[in-house]
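Values in this text are rule-based calculations from the coordinates and carry no lab data. Nothing here was measured: the structure is a model prediction, and the numbers come from that model. Counting neighbours? That spans all protein chains shown, and the Cβs are built from the backbone with ideal geometry, glycine included.
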Amino acid sequence: MKSKQVVLITGSSTGFGRLFTETLARKGHTVFATMRDPGGRNAQNASEIRALAEKDSLPIHVLELDVTDDASVGRAVDAAVAKAGRIDVAINNAGYYLSGLEEAVTTEQAQRLMDTNFLGPVRVNRAVLPHMRRQRGGVLMHISSGAGRVVLPSVGFYCASKFALEALAEAYSYELAGQGIESVIVEPGQYETPIFGSTVKAADEARTNTYGAVKEIPAKINAALSSTAGNAQEVADTVLRIVETPAGERQLRYFVSPQNFGVEEINALSKQVQASVIEAFGLAVDTKFRKGKAAGTV
């Protein structure tokens with residue numbers, strides 16, 4: 001494994017993505033910080049990142065990438081490979097939070113959420129995997145959530161998008177292990193990021209208003225999550241640790257949170273169940289790393 005990695009990060013304009021960018025670059029890793037419309041809506045964010053890179057001589061390159069657009073994803077990945085010669089780690093970070101009673105979420109809102117939170121990583125992974133296979137190595141990193149393992153009322157669609165991402169990432173881990181490519185999942189709990197400030201709310205207020213006192217649940221949950229939020233640098237430090245872990249020694253899941261909520265227990269049980277399922281289907285040999293470690297372990 002190369003000591004310094006080439007890392008492509010989606011959703012780098014703010015929040016976790018911005019923090020990952022700086023944290024990795026300060027350790028010498030080459031980072032392609034991608035975002036939508038760096039010449040328009042994200043012009044200030046892109047300018048701040050470029051200024052930081054110049055000021056502190058950091059190996060950061062800003063690229064335009066819209067995870068909902070196949071062509072945009074392809075152009076960004078091609079540009080990164082053309083400049084750096086490879087992509088060692090792809091961090092699927094772009095995503096947003098949808099809050100509201102499930103009946104009040106329109107089908108259009110649900111489709112947009114899944115297009116970003118779930119199909120976005122599908123597009124990115126399809127774009128980077130041919131390069132990783134040629135390299136005979138690489139890491140697909142998926143920024144999920146504790147909400148990818150437990151469910152709260154009024155967060156069902158967001159949870160669904162992360163549950164879907166978890167399933168996809170785990171399937172990748174089995175299928176790609178023999179090619180030296182690892183798929184990992186990071187499950188942050190509640191942390192101080194702009195995600196709550198940019199929350200999308202369920203659009204059908206008429207449906208919401210039929211629920212009586214239950215309609216207050218979204219506000220209660222969002223207030224509770226905000227009041228217990230931790231320092232997001234903890235998540236960035238975990239991402240750095242994963243990036244710098246030698247090939248074949250990474251876990252499948254990394255839960256990092258100010259509170260547990262039982263996610264670690266779910267992950268431990270899932271590990272046992274999945275191992276039994278893989279063995280029952282006679283696939284244990286096919287899903288091993290060359291170093292002999294099971295791809296699906298935690």
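Provide the gained length on full extension for the span VAL285 to ARG112, in nm with one decimal, where the gain is 0.36 nm per separating residue minus the Cα-Cα distance. Intermediate results must be reported in sequence, preceding the final value.
On the way: separation 173, 0.36 × 173 = 62.28 nm, distance 3.85 nm.
Length difference between fully extended and current span is 58.4 nm.
So if each residue of separation counts as 0.36 nm, and I subtract the Cα-Cα distance between SER276 and GLN251, what length gain in nm does that give?
Difference between extended and current length: 7.2 nm.
Which whole number in µm²/s is D for the stretch 6-264 by Stokes-Einstein, with the Kirkwood Rh taken over Cα pairs at 4 °C and 1.567 mPa s?
In µm²/s, the coefficient is 69.
Would you please give the FRET efficiency between SER3 and ALA206, computed as 1/(1 + (r/R0)^6) with r the Cβ-Cβ distance and R0 = 41 Å, to the nearest 0.05?
FRET efficiency, SER3 to ALA206: 0.10.
With loop defined by DSSP as not H, G, I, E or B, and exposure as at most 15 other Cβ atoms within 10 Å, which is the longest segment of the chain clear of exposed chymotrypsin sites (Phe, Trp or Tyr not before Pro)?
The segment 1-195 is the longest one with no such site.
With just the Cα atoms of the stretch 1-110, tell me how far they stretch along each of the three principal axes, in Å, largest first.
So the three principal-axis extents are 49, 26, 25 Å.
Provide the gained length on full extension for the span ASP237 to TYR96, in nm with one decimal, where the gain is 0.36 nm per separating residue minus the Cα-Cα distance.
48.6 nm
Take HIS131, HIS142, HIS29 and order them by how many other Cβ atoms sit within 10 Å, fewest up front.
By the 10 Å Cβ count, ascending, the order reads HIS131, HIS29, HIS142.
With N set to the number of residues, divide the alpha-carbon radius of gyration of the stretch 131-286 by 2.2 N^0.38 Å and report two decimals.
On the way: Rg = 18.2 Å, N = 156, 2.2 N^0.38 = 15.0 Å.
Normalised Rg, Cα atoms only: 1.21.
Find me the longest stretch of the chain that has none of the exposed GluC sites (Glu not before Pro), where exposed means in a DSSP loop (not H, G, I, E or B) with at most 15 other Cβ atoms within 10 Å.
With a cap of 15 other Cβ atoms within 10 Å, the longest stretch comes to 1-191.
Once both labels are modelled 7 Å past Cα along the beta-carbon direction, what's the THR199-ARG136 spacing in nm?
Inter-label distance under the simple model: 5.0 nm.
Nothing charged except the Cβ atoms of Lys and Arg (+1) and of Asp and Glu (-1): what's the magnitude of the dipole of the chain about its Cα centre? Round to the nearest 20 debye. Walk me through the intermediate numbers first.
Values: 32 positive and 32 negative charges, 195 e Å.
Dipole of the chain, to the nearest 20 debye: 940 debye.
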